[in-house]
1. Give region 26-51 a look and list any residue that's basic (Lys, Arg) and either over 8 Å from the mean Cα position of the chain (by Cα) or modelled with pLDDT under 85 (or both), or say none.
2. When you scan region 79-95, do you find a residue that is hydroxyl-bearing (Ser, Thr, Tyr) and either within 30 Å of Ser29 (Cβ to Cβ) or touching a Cys at 6+ places or on another chain (Cβ under 9 Å) (or both), even just one?
3. Give me the pairs: first residue in region 19-40 and part of a loop (DSSP other than H, G, I, E, B), second residue of a type outside the set (A, V, I, L, M, F, W, C) and modelled with pLDDT of 85 or more, beta-carbon distance under 6 Å, and six or more apart or on different chains, which are they?
4. Restricting to region 76-93, name every residue that is part of a helix (DSSP H, G or I), in contact with an Asp or Glu (Cβ under 9 Å, 6 or more places away or on another chain) and surrounded by fewer than 16 Cβ atoms within 10 Å (Cβ to Cβ).
5. Has region 84-106 got any residue that is outside the structural domain of Tyr50 (by TED's automatic domain parsing), charged (D, E, K, R) and within 19 Å of the chain's Cα centre (by Cα)?
Amino acid sequence: MDDYKKWLEEWQIAQQNYTGPFCCLDMNSMLDNDDELYNVKYSSKAREYYLKSLQGPYCRTIEFCPWCGSELPKSLGDEWFDILENEYGLDMPAIPEQEVKIPAEFKTDEWWKKRGL
């Protein structure tokens, strides 16, 4: 029990001092984990947080952190699709013929950072 109490105190201090890239230490811990049992994910290219189904290829975007309740940044998924269609003529970027034509910057967060979104 003493080990757990010590761990809990250390975790609470770490949470209070957290200054990482995400809203809280809990979110950071979940997103920094490659284990498929964790279903909270982040897509940097769309600046999108989502819950991934553990029983299929389905996902649901989320607007608030499940742990601290903070409002998450607005998803840029629609903007991603709109820019690819309007500027590059890629109206179905998920199909292989168009996917290979997606500029490299659109595979990361570079595109939205360059545009100040």
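The values are calculated or read from the model by the stated rules, or taken from the named source; none is laboratory data. Predicted, not measured: the structure shown is a model, and the values here were computed from it. A quick note on method: Cβ atoms are made from the backbone with ideal geometry, for glycine too, and the neighbour counts reach across all protein chains shown.
1. Across region 26-51, the qualifying residue is only Lys45.
2. no
3. Gly20/Asn28; Phe22/Asn28; Cys23/Ser70
4. Of everything in region 76-93, those that are part of a helix (DSSP H, G or I), in contact with an Asp or Glu (Cβ under 9 Å, 6 or more places away or on another chain) and surrounded by fewer than 16 Cβ atoms within 10 Å (Cβ to Cβ) turn out to be Gly77, Glu85.
5. Yes; the residues of region 84-106 include at least one that is outside the structural domain of Tyr50 (by TED's automatic domain parsing), charged (D, E, K, R) and within 19 Å of the chain's Cα centre (by Cα).
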